Amino acid sequence: MTVSLSSSDTASANARRGLAVLRSRHSQVPRLIGQRLLQVPIVLLVVSVLVFWLIKIVPGDPGRNALGQYATSEQVQAWNEAHGLTGPIIERYFSWLVGFVTGDWGTSLIYAAPVRDLVLGRLGNSLFLGAVAFVILVPVAFALGAIQARREGSRTDRALTIGLMSLASVPEFVVGVLLLIVFSLTLRWFPIQSSISLDGDPGEVLRALVLPAVTLALGYLSVLARMTRTGVLDTLDSQYYRTAVIKGLHGPRLLVGHVARNAVIPTVSLLGIYLGSLLGGSAIVETLFGYPGLGALLVTATVEKDIFLLESGVMVTGVISLLALLLTDIALLLIDPRVRFDEGE
Amino acid sequence: MTLHRPLPPGRRRSLSLLAALGVAALALAGCATAAPATTGGEAGEAIYRIGISDPGAELDPLTVADSDAQLITGLVTEQLVSFTADGEALPRLATEWAASDDGLSWTFTLRDGALFNDGTPVTSADVVATFDAIIGDDSISPAKSAFTGILDSVAADGDTTVVFTLVRPFSDFPRLIAGNNTGILPADYEPGAWLKNPVGAGQFVLEDYTVGESITYAKNPDYWNADQIDLDGVELTIYKDPQATALAFQAGEIDRINVSPDVLATVNADDYDTLSAGYSYFYGIHLDVTKAPFDDVTIREALAWAVDRQGIVDNVYGGTAAVGDDYPVLPDYLPQPLDVPQREQDLDKVAELLDGREVSFTITTSFQLFGEVLQQQLNAIDGFDVTLDVLSDEQYYAEGADSPWLNAPLTITSWGKRVPSQYYGLFYATGAAWNASNFTDADLEKKVAAFDATTDDGERQQLITEIAQEQWDQVPTIIPALARSEVLQNKRVTGEFVAPLDFWAGYNFAGISVEGE
């Protein structure tokens, strides 16, 4: 009796635990967002303090950069004073922070233009480039990974592995220069300088975007294709795939419902990280192609010690990267087959 | 390990679909049709295109310091005087000028009919206001140092005459007037506001500036010499990578590129015109005469005879330099010192001067290649034990009293184009702000002052020879080479520049034309 009661208690406890687990999974998304809402500002605050402090201690002087070799120390000092670069560093930091939070991001020291316009304008360009690169990258990587998995061990698989590994071992800069030499210098299909104006002629915008976007995409292609290949192979090895086949499933239902969804899970976290880097702007690619993105802007800001531009730019890229990570986590929760199964039940 | 191969037909189809999607994306990326490289301006317009770097600071003609920023503002503004590559003065906004008998004042007559690009005439009040802004107490213009101790005040004498009153006679005064930051601006110009209203009385008007990308100019129809300007405009494109600049030049996107070893390695120079842009800079090896081992003049001399100057011309400047002789007079400046013996590497003299002594010191510089070449040359010679300390520009030129470039015993520092007496004032004179050698010589200073004071050609010739000889004897600075800038230019450009594109030349485009696209 005791035993049976105990056993029925255990059964209902298990049932409750099962429901609790389900509920806890349901509540994970808002909780995750809540956690990140607390964490992100703290991370950004720490980063902003570090950037402010590092740019202060590294050698170099914005006033000297601006006025050059023949200006006197007094003139350099006066220039720095006029641009709000003198006084206690803590005071200057808080003054910047208050301005940043209230929407006054200051004026760029080198471009003499409002930092907010510069950063957000360039962010738009970087997002556009990143999105184009992403659109090129994901289907190609999935397709290559799938082809390799389908022909595992074949000559095609081996050739693609060697090709992709070779590609992964060549730095973006080299790939970019080679593409420029072939497609811009020799074939004259695309411009060397990828200046764009988003409201300009769409054909010209596309021409300017192709080489930087392809270079960016190629940089991530190898790892993503490799992970897709592994994911597909693992899925094909699994019990549930075998069961599905034995049950007589075939065609798109088998592939989409059982292979693709499961195979893609390992790559999603990777995609999130890539998305963050792609959207935050790739300094190397933007610099090489002269693409007016945030990455290239931040390189200039760092070299010239343009502190206001650098701080705001870093904050914006920080937000983008952290958001991309959040999206990844949410995506992982949502495509987790166990959660779906529970929901279905 | 895989269970199912070959795959069921359905799966094969779906994978093919995925692959096709990928290929389609690539095809979309590459679908742009073949087209010629972009060119500036409307079809048929004659646009001269130059690749530049990002300007290092906000654009204000009074304060711009780097060459790219100077070009951006200099295409719009104009000075009173400019110079040809041969050192000949060219009237610009001033038509004539003359010094008073005592050399203490210079009177400039302004050109009739010269207009700013807002349509207002250029008057003496504008010239006075511009120079007051440069030399004023609160001026942050880098040009101020060029006039300190030379220019006392500027005054208008009627609408078309300006009188510059000097602190001391200065025969090269027109060259200072043609210098950096001296483009004439309207009297009501508000410093720092130039980009909002890019005003000037020069050859072009600024049409569009896209930060970090490009700047376009159109010919200024109201320019006093508009008849001689054949171009419809100029386009500056900002490149952030030297490799991309070289490729853009090869692809015909820009019309000129500065010659450098990297450029010569990638570009076939025979396909282009090579223009010499005149002597424009040098690196001086400054020896601190108050610190061992350089407090001994025989050590300084030994060092000067040990340097292989032609080796430095070849290996540091890639051949685009003339051998120097330790005095800072650029080869295209007149008058040139005469009969100063040319130093060449002479190891017997070095051994004789060292007299068995072993000399150890460190080369401190931010120019790694120069430092390495010099170190290798010296360490190959008995008696020298040389180490090298390469710093970043920021470290080397750091602000403050203990800045390496002014305190290390041996430094290698870059100097831009100046007239000789300016160099003396900058780095030899007693108390000079950048006297890294800590060198003082009352006799030399007297001679430099006398050189500045006289306009007599014979006296100037005699004095500059004596000044150079004294520098040669005392060796506070070794100047192994004087460098000239060279550019490669697309052959579609016709006409000859009277001078390189810099502030001395007033960025003069008179007589230059290009085939329109």
Heads up, the strands (runs of 3 or more DSSP E) in region B:77-188 (entirely inside) with at least 3 residues that are buried (at least 16 other Cβ atoms within 10 Å of the Cβ) and not β-branched (V, I, T) are B:94-99, B:105-110
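Yes/no per residue for (1) in contact (Cβ under 8 Å) with a residue 24 or more places away in the chain; (2) more than 14 Å from chain A (Cβ to nearest Cβ); (3) touching a strand residue (DSSP E or B) at 6+ places or on another chain (Cβ under 7 Å); (4) under 21 Å from B:D502 (Cβ atoms):
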| site | (1), (2), (3), (4) |
| --- | --- |
| B:G158 | yes, yes, no, no |
| B:P174 | yes, yes, yes, yes |
| B:P186 | yes, yes, no, no |
| B:E190 | no, no, no, no |
| B:W194 | yes, no, no, yes |
Consider A:R151 carefully, then state whether it is open to solvent by less than 50 Å² (accessible area, probe 1.4 Å) and more than 7 Å from every other protein chain (Cβ to nearest Cβ). no
Flag for A:W105 being out of contact with any strand residue (DSSP E or B) (no Cβ under 9 Å at 6 or more places or on another chain) and either within 13 Å of chain B (Cβ to nearest Cβ) or of a type outside the set (S, T, N, Q) (or both): no
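If a residue must be within 24 Å of the chain's Cα centre (by Cα) and facing chain B (nearest Cβ under 9 Å), how many such residues does region A:177-192 contain?
First, the residues of region A:177-192 that are within 24 Å of the chain's Cα centre (by Cα): A:177, A:179.
If we keep only those that are facing chain B (nearest Cβ under 9 Å) too, we end up with A:177.
Count: 1.
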Within region B:426-459, can you find the residues that are open to solvent by 20 Å² or more (accessible area, probe 1.4 Å) and either of a type in the set (K, R) or over 26 Å from B:N407 (Cβ atoms) (or both)? B:D443, B:K446, B:K447, B:A449, B:A450, B:A453, B:T455, B:D456, B:D457, B:G458, B:E459
If we ask which residues in region B:310-326 are at pLDDT 95 or above and part of a loop (DSSP other than H, G, I, E, B), their number turns out to be 3
If you scan region B:203-248, which residues turn out to be open to solvent by 10 Å² or more (accessible area, probe 1.4 Å), within 14 Å of chain A (Cβ to nearest Cβ) and β-branched (V, I, T)? B:T210, B:V211, B:T216, B:T237, B:T245
The number of residues in region A:177-207 that are closer than 17 Å to A:G124 by Cβ, outside any helix (DSSP H, G or I) and open to solvent by 10 Å² or more (accessible area, probe 1.4 Å) is 6
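Kindly indicate which of A:G63, A:G84 is open to solvent by 20 Å² or more (accessible area, probe 1.4 Å) and more than 7 Å from every other protein chain (Cβ to nearest Cβ).
Numbers: A:G63 fails: open to solvent by 20 Å² or more (accessible area, probe 1.4 Å).
Selected residue: A:G84, the only one of A:G63, A:G84 that is open to solvent by 20 Å² or more (accessible area, probe 1.4 Å) and more than 7 Å from every other protein chain (Cβ to nearest Cβ).
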Scan region B:461-474 and give yes if some residue there is free of Cβ contacts under 8 Å to residues at least 24 places away in the same chain and open to solvent by less than 50 Å² (accessible area, probe 1.4 Å), otherwise no. yes
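Per-residue answers, yes or no, for (1) small (G, A, S); (2) closer than 30 Å to B:P404 by Cα:
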residue	(1), (2)
A:G68	yes, yes
A:T72	no, yes
A:P88	no, yes
A:F94	no, no
Pick from B:G44, B:G103: which is at pLDDT below 95 and farther than 27 Å from B:N490 by Cβ? B:G103
Residues (under 16 Å from A:Q75 (Cα atoms) and among the small types (G, A, S)) located in region B:117-149: B:A133, B:G136, B:S139, B:S141, B:A143, B:S145, B:A146
Just name the residue that is farthest from the other protein chains (Cβ to nearest Cβ) out of those in region B:400-414 that are open to solvent by less than 60 Å² (accessible area, probe 1.4 Å) and in a loop (DSSP other than H, G, I, E, B). B:P409
Among A:V223, A:V138, A:V174, A:V210, the single one that is surrounded by 19 or more Cβ atoms within 10 Å (Cβ to Cβ), more than 7 Å from chain B (Cβ to nearest Cβ) and aliphatic (A, V, I, L, M) is A:V138
Note: among A:V98, A:V76, just one is assigned to a helix (DSSP H, G or I), without any contact (Cβ under 8 Å) to a residue 60 or more places away in the chain and either on the phi > 0 side of the Ramachandran plot or within 28 Å of the chain's Cα centre (by Cα) (or both), namely A:V98
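The values are calculated or read from the model by the stated rules, or taken from the named source; none is laboratory data. Quick caveat, the model's predicted, so the values are computed rather than measured. Positions of Cβ are generated from backbone atoms using ideal geometry, with glycine treated the same way; all protein chains shown enter the neighbour counts. These area figures cover heavy atoms from the full protein model, side chains too; ligands, DNA and RNA do not enter into them. Shrake-Rupley method; radii C 1.70, N 1.55, O 1.52, S 1.80 Å.
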